[in-house]
Amino acid sequence: MTRTIGLDIESRPECIELLSGALYGMCQPVLPAAEIAKINLAMVEAVNNAVEHAYHGEPGHPVRVELELAPDRLGLRVQDHGQPMPPGRLEAAAAFVEPDPEDPETWSMRGRGLFIIRSCMDTVEYEARDGVNTLSMSRLLATGESA
Amino acid sequence: MILTHRNIEGIDIVSLAGRLVMADVPEVRQKLLVTVEQGSGKLILDLAEVGFMDSSGLSVLVSVFKAARAKSGDVALLHLSPTVRSLIELTRLQQVFPIFDDEAAALARLR
């Protein structure tokens with residue numbers, strides 16, 4: 001059985017926790033805690049990006065999150081109507097800067113959100129079309145849904 | 001977000017709790033930077049009760065670490081939950097932050 005849920009929040013950091021509650025409610029009965037934690041981290045980072053970069057931290061804009069839990073994979077989509085991500089940004093996130101204890105310049109977390117998303121999910125795709133920006137992610141599940 | 005603040009032999013020990021995420025960042029960053037500024041710059045962050053952190057939470061730790069280093073101090077992380085530890089390892093920040101499971105060992109490092 002595939003279960004889906006769609007959630008709409010306002011672009012405020014305080015609202016993001018609500019999404020985590022829904023994700024855990026959907027996945028907790030069927031997925032291991034470590035698996036849910038990775039998906040939750042990817043979701044929070046993706047929504048953070050929408051709030052912080054697409055809407056420049058401005059509240060009052062819509063962010064939509066769709067979750068699709070199938071027996072063998074979890075699909076996650078985050079949509080906003082803000083400023084699109086510059087071309088190539090997602091691909092550039094793969095180039096990880098190794099933190100050097102002696103070089104504070106390498107400690108920055110800027111841009112690490114996309115790296116984290118790519119590390120937590122198996123596929124990550126971005127599309128900006130007709131004023132809607134969509135980050136689509138999926139993760140293959142080690143443990144199938146038993147319900 | 002900040003549960004307790006103790007000082008042992010000039011070393012500040014701050015315990016955080018809950019989620020360290022974008023919504024909490026301005027308040028926590030400001031409080032921790034004030035702690036570093038007003039103290040010796042030697043700080044232990046006890047994260048035992050922090051169940052979730054995102055990259056903006058990590059950016060707070062980095063800011064505080066930079067501020068501490070700027071006054072010849074140091075920051076040690078104590079009691080990481082599995083979720084927080086896995087985020088720190090994912091971003092390889094264990095190469096920057098000293099991490100301890102034992103407060104006495106963290107204090108010995110910062111003395």
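Bear in mind these aren't lab numbers, they're just calculated from the coordinates by the rules spelled out. Predicted, not measured: the structure shown is a model, and the values here were computed from it. Backbone-built Cβ (ideal geometry, glycine too); neighbour counts: all protein chains shown.
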The condition of being within 14 Å of chain B (Cβ to nearest Cβ) and crowded, with 18+ Cβ neighbours inside 10 Å holds, among A:Leu74, A:Leu141, A:Leu67, A:Leu41, only for A:Leu41
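Take the residues in the stretch B:93-108 that are under 21 Å from B:Gly57 (Cβ atoms) and in a loop (DSSP other than H, G, I, E, B), then tell me which one is nearest to the other protein chains (Cβ to nearest Cβ).
At the first step, the residues of the stretch B:93-108 found to be under 21 Å from B:Gly57 (Cβ atoms) are B:93-101, B:106.
Those left that are additionally in a loop (DSSP other than H, G, I, E, B): B:96-98, B:101.
Numbers: B:Val96: 5, B:Phe97: 9, B:Pro98: 10, B:Asp101: 19 Å.
Among those that are under 21 Å from B:Gly57 (Cβ atoms) and in a loop (DSSP other than H, G, I, E, B), it is B:Val96.
Find the residue count for the stretch B:71-92, including only residues that are outside any strand (DSSP E or B) and either among the acidic types (Asp, Glu) or more than 9 Å from every other protein chain (Cβ to nearest Cβ) (or both). Spell out how you get there, then give the answer.
First pass over the stretch B:71-92, keeping only residues outside any strand (DSSP E or B): B:71-73, B:79-92.
This time we only want the ones that are either among the acidic types (Asp, Glu) or more than 9 Å from every other protein chain (Cβ to nearest Cβ) (or both), so: B:71-73, B:79-81, B:84-85, B:88-89.
Final tally of qualifying residues: 10.
Does the stretch B:34-57 include one or more residues that are without any contact (Cβ under 8 Å) to a residue 24 or more places away in the chain and within 24 Å of A:Glu45 (Cα to Cα)?
The initial filter retains those residues of the stretch B:34-57 that are without any contact (Cβ under 8 Å) to a residue 24 or more places away in the chain, namely B:34, B:38.
Right, trim to within 24 Å of A:Glu45 (Cα to Cα) and you get none.
Checking the stretch B:34-57: not a single residue is without any contact (Cβ under 8 Å) to a residue 24 or more places away in the chain and within 24 Å of A:Glu45 (Cα to Cα).
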Among residues of the stretch A:77-113 being of a type in the set (D, E, K, R) and surrounded by 14 or more Cβ atoms within 10 Å (Cβ to Cβ), the residue farthest from the other protein chains (Cβ to nearest Cβ) is A:Arg77
Pairs returned, first residue in the stretch A:84-111 that is outside any helix (DSSP H, G or I), second residue that is of a type in the set (Asp, Glu) and surrounded by fewer than 14 Cβ atoms within 10 Å (Cβ to Cβ), beta-carbon separation under 9 angstrom, 6 or more apart or interchain, are A:Val97/A:Glu105
Residues of the stretch B:72-100 being farther than 22 Å from A:Leu114 by Cα and in contact with a Ser or Thr (Cβ under 8 Å, 6 or more places away or on another chain), in sequence order, are B:Gly73
